[in-house]
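The next block holds one structure in the form of structure tokens; read it before the comments.
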Amino acid sequence: MAETLTALTDAQFAAMQGETFVLLHTIDAETGSPTTNAISWIFAPNPSVLRFAVDGRSRLVANLKNNPSVAVTLFAGGTVQAVYGTASIVTDALEGVPFRLVCFDIAISAVRDAMFYGARLTALPEYEKTYDKRAADKLDGQVFEAMKKA
């Protein structure tokens with residue numbers, strides 16, 4: 001059995017320095033059921049913390065206010081990592097962004113290899129923005145700059 005880590009490794013930390021596709025798992029505030037959302041406005045300000053932003057109207061905000069326990073599925077280094085922790089609000093509205101984004105920090109409590117035995121990822125999940133590329137790049141830049149200042 002692999003050792004449980006309490007912070008990101010150097011390779012995981014490096015992977016979390018730019019826009020990254022992850023899955024965020026929360027507990028639904030209304031139903032109490034597990035939920036999963038794909039997000040990309042996330043980075044690691046240090047190996048013990050993940051910081052992310054979501055639209056202020058998102059159901060995720062209510063979920064996290066109700067139950068701050070989270071898990072993040074990270075695809076990096078040829079494997080899948082499950083990152084567990086507790087979310088807290090950094091700010092209810094990031095400055096310098098054209099609409100209300102809520103910024104959260106996740107204090108990491110455990111990082112575990114979640115890939116099934118005898119397998120390795122041969123490609124990372126890829127996505128493309130389906131709206132105006134210039135507008136997407138501008139917004140992404142504003143969001144990441146605001147999160148780093150928060």
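The values are calculated or read from the model by the stated rules, or taken from the named source; none is laboratory data. Note that the structure is a prediction, hence the values are computed from the model and not measured. Heads up, the Cβs are rebuilt from the backbone with ideal geometry, glycines too, and the neighbour counts pull from every protein chain shown.
Just to be sure before I move on: is residue 124 touching a strand residue (DSSP E or B) at 6+ places or on another chain (Cβ under 7 Å), surrounded by 13 or more Cβ atoms within 10 Å (Cβ to Cβ) and on the phi < 0 side of the Ramachandran plot in the structure I sent? Spell out the reasoning first.
Values: touching a strand residue (DSSP E or B) at 6+ places or on another chain (Cβ under 7 Å): yes; surrounded by 13 or more Cβ atoms within 10 Å (Cβ to Cβ): no; on the phi < 0 side of the Ramachandran plot: yes.
Answer is no for this residue.
Condition test on residue 86, is it hydroxyl-bearing (Ser, Thr, Tyr), in a strand (DSSP E or B) and either touching a His at 6+ places or on another chain (Cβ under 9 Å) or at positive phi (or both)? Taking the combined requirement at face value, the residue does not satisfy it.
Each row is one residue, and each column tells you yes or no for (1) surrounded by fewer than 15 Cβ atoms within 10 Å (Cβ to Cβ); (2) in a strand (DSSP E or B); (3) within 11 Å of the chain's Cα centre (by Cα).
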{"site": "43", "(1), (2), (3)": "no, yes, yes"}
{"site": "63", "(1), (2), (3)": "no, no, no"}
{"site": "73", "(1), (2), (3)": "no, yes, yes"}
{"site": "80", "(1), (2), (3)": "no, yes, no"}
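Annotation: residue 50 fulfils all but one of (1) of a type outside the set (Asp, Glu); (2) surrounded by 15 or more Cβ atoms within 10 Å (Cβ to Cβ); (3) outside any loop (DSSP other than H, G, I, E, B); (4) modelled with pLDDT under 95; the unmet one is (4).
Residues in region 106-132 that are among the acidic types (Asp, Glu) and over 16 Å from residue 74 (Cβ atoms): 128, 132.
Within region 60-89, the set of residues being out of contact with any Leu (no Cβ under 9 Å at 6 or more places or on another chain) and among the polar types (S, T, N, Q) comprises 63, 66, 67, 69, 86. Just so you know, in region 99-113 the residues that are out of contact with any Gly (no Cβ under 7 Å at 6 or more places or on another chain) and surrounded by 15 or more Cβ atoms within 10 Å (Cβ to Cβ) include one that is nearest to residue 80 (Cα to Cα), and it is 113.
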